[in-house]
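Input: a single structure, listed below in structure tokens.
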Amino acid sequence: MSSSTPQVPGTYVFDAAENRRGRALNQLCGSLKYAGNRARFKADEPAYCETYGLTAEQRDALLERDWNRMMELGGSIFYVFKLAMVDQKSMQYLGGVFTGMTTEEFAEALKAGGRSFG
């Protein structure tokens, strides 16, 4: 079992090994906090990925917006969320994707105190 294998559905352990593995992906996503970088990214996403040296798997996951795969490939939610914001997606949207719920179901689960794993 790798360190990123979820123990609780929808969660990943983000340790030092995952940090190293996802470094390029996280750097790219982190760069999107700057308006100029967002403009460059939106103009040519594949070329922008090349400048950060993503692996082919990371590039494909990012370009396809496969949020779960990005997390499996070392993405940190704190950085991946910057990409979601470029797409005007909320944290509740991502939470829904990660848990197999709709955005609305995830928001309601939060209001009700969270999910049960029993």
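Tabulated results
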quantity	calculated
Residue count for the range 18-51, restricted to those that are assigned to a helix (DSSP H, G or I), touching a residue at least 12 places away in the same chain (Cβ under 8 Å) and under 19 Å from residue 85 (Cα atoms)	15
Per-region count, the range 53-76, residues surrounded by fewer than 18 Cβ atoms within 10 Å (Cβ to Cβ) and either farther than 16 Å from residue 18 by Cβ or of a type in the set (A, V, I, L, M, F, W, C) (or both)	7
Residue match in the range 68-83 (condition: in contact (Cβ under 8 Å) with a residue 12 or more places away in the chain, among the small types (Gly, Ala, Ser) and assigned to a helix (DSSP H, G or I))	no
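No lab work stands behind these numbers, since they all come straight from the coordinates. Bear in mind that the values here come from a model prediction, so they are computed numbers and not experimental data. Cβ atoms come from the backbone with ideal geometry, glycine included; neighbour counts cover every protein chain shown.
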